[in-house]
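See below for the structure under consideration.
The values are calculated or read from the model by the stated rules, or taken from the named source; none is laboratory data. This one's a predicted model, so the numbers in the text were calculated from it and none came from an experiment. For neighbour counting, all protein chains shown are included, and Cβ atoms are generated from backbone atoms with ideal geometry for every residue, glycine included. Keep in mind that these areas ignore ligands, DNA and RNA; they rest on the heavy atoms of the full protein, side chains included. Shrake-Rupley method; radii C 1.70, N 1.55, O 1.52, S 1.80 Å.
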Amino acid sequence: MPYNAELAEIALTIARRAAELAWQRRAEGVEVAASKSSLSDIVTRADQEAEKLIRDALAAARPADGFLGEESGGGSGSSGLTWVVDPIDGTVNYFYGIPAYAVSIAVVEGEPDPRTWRTLAAAVVNPAAGEAFTAFEGGGAKLNGRPLHVKSDTDLALALVGTGFGYDSEKRVRQAKIVTELIGRVRDVRRIGAASLDLCGVAAGRLDAYFERGLNPWDHAAGALIAREAGATVGGLGDAPATSDLIVAAEPGLYAQLNPLLQELYADWR
Ligand code: LIP
């Protein structure tokens, strides 16, 4: 089995275990453990428990690798690889019982910095939907073992575009103004609430494009590789890489239409 495929298998096996835990805790009732950047930016006990399960399992399977997780932070390794983990992406959906949340696990080579890392393998598992998205570099993207490929030749005016909003209310208002400018130029907009599922949605043809500003590295690390391996172009504004400034994902022809428009709409964003 190719090395990257082995890494994808590890990511999928552990993501499935964490997703099962999240599913069970959801059924038992979700408890908020704390809030972070704002009162609406919550972390649940299940987030913390799932990340501990993932971190312990990776330490056992890949003891020389580094770790970067949403809830427990970073830890360096000696292998040159770092696992980038969001234990429950779509936390607010999870808290409200909306079945659009996922365990997101990626492994990157180089510094754990989305501006420079090379993503080798990824898994995104949504237990509520019974869906497991996987990819490894050069190996394509799959949903429950079936190959995925983005839609092609979509015109911007007929594009279904996903996006999201941050936890800071002032930033949300500004993000909503961008959507107000965009919505009349596309088919429609969807706000799913989990970046990893938005990116997997592009890979699966459920969305034609996705963009969002303000994401953390763990929100998009896995979904970006899955979208890319399904044939999407994934990047930031202009020639920039995908970072917290902006992530854009779409099939190449639509990406070439959408990215310049987003550059125009975000031009005065300081
Ligand atoms: C979420 C992202 C989503 C964004 C939400 C939130 P979390 O991550 O996946 O795209 O719009 O505001 O940041 O906080 O659920 O891990």
Residues that are within 13 Å of I88 (Cα to Cα) and among the hydroxyl-bearing types (S, T, Y), drawn from region 1-47: T44
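Would you check if D208 is open to solvent by 10 Å² or more (accessible area, probe 1.4 Å), farther than 26 Å from P112 by Cα and touching a Ser or Thr at 6+ places or on another chain (Cβ under 9 Å)?
Values: open to solvent by 10 Å² or more (accessible area, probe 1.4 Å): yes; farther than 26 Å from P112 by Cα: yes; touching a Ser or Thr at 6+ places or on another chain (Cβ under 9 Å): yes.
When the stated conditions are applied, D208 passes them.
From A135, A121, A129, which residue is among the aliphatic types (A, V, I, L, M) and in contact with a Pro (Cβ under 9 Å, 6 or more places away or on another chain)?
Values: A135 fails: in contact with a Pro (Cβ under 9 Å, 6 or more places away or on another chain); A121 fails: in contact with a Pro (Cβ under 9 Å, 6 or more places away or on another chain).
So the residue among A135, A121, A129 that is among the aliphatic types (A, V, I, L, M) and in contact with a Pro (Cβ under 9 Å, 6 or more places away or on another chain) is A129.
Kindly evaluate D65 against the criterion of being closer than 25 Å to S244 by Cα and in contact with an Asp or Glu (Cβ under 8 Å, 6 or more places away or on another chain).
Working: closer than 25 Å to S244 by Cα: yes; in contact with an Asp or Glu (Cβ under 8 Å, 6 or more places away or on another chain): no.
Against the criterion (closer than 25 Å to S244 by Cα and in contact with an Asp or Glu (Cβ under 8 Å, 6 or more places away or on another chain)), D65 does not qualify.
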Can you pull out every residue in region 213-270 that is hydroxyl-bearing (S, T, Y), within 21 Å of S152 (Cα to Cα) and not in a helix (DSSP H, G or I)? T233
Is there any pair with a first residue in region 88-101 that is open to solvent by 10 Å² or more (accessible area, probe 1.4 Å) and a second that is part of a loop (DSSP other than H, G, I, E, B) and of a type outside the set (A, V, I, L, M, F, W, C) whose Cβ atoms are under 6 Å apart and which are 6 or more apart or on different chains, and what are they? N93/Y101; N93/G193; A100/G90; A100/G193
Residue check, F67 against (1) under 11 Å from P87 (Cβ atoms); (2) open to solvent by less than 20 Å² (accessible area, probe 1.4 Å); (3) without any contact (Cβ under 8 Å) to a residue 40 or more places away in the chain, all met but one. Which one? (1)
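Only one of K177, K142 is outside the structural domain of A222 (by TED's automatic domain parsing) and without any contact (Cβ under 8 Å) to a residue 12 or more places away in the chain; which? Can you show your working first?
Values: K177 fails: outside the structural domain of A222 (by TED's automatic domain parsing).
Of the residues listed, the single one that is outside the structural domain of A222 (by TED's automatic domain parsing) and without any contact (Cβ under 8 Å) to a residue 12 or more places away in the chain is K142.
Let me confirm something: among G214, G205, which residue is within 10 Å of the ligand (Cβ to nearest atom) and not assigned by TED's automatic domain parsing to the domain that holds T119? Spell out how you get there, then give the answer.
Working: G205 fails: within 10 Å of the ligand (Cβ to nearest atom).
Residue meeting the stated conditions: G214.
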Give just the number: which of (1) at positive phi; (2) under 17 Å from the mean Cα position of the chain (by Cα); (3) away from the ligand (no atom under 16 Å from the Cβ) does G90 not satisfy? (3)
Per the filter on region 1-34, residues free of Cβ contacts under 8 Å to residues at least 12 places away in the same chain and open to solvent by less than 60 Å² (accessible area, probe 1.4 Å) are G29, A34
Which condition breaks for I192 when tested against (1) open to solvent by 10 Å² or more (accessible area, probe 1.4 Å); (2) on the phi < 0 side of the Ramachandran plot; (3) of a type outside the set (K, R); (4) more than 10 Å from the ligand (Cβ to nearest atom)? (4)
Out of (1) touching a helix residue (DSSP H, G or I) at 6+ places or on another chain (Cβ under 8 Å); (2) crowded, with 17+ Cβ neighbours inside 10 Å, what's the single condition that is false for S152? (2)
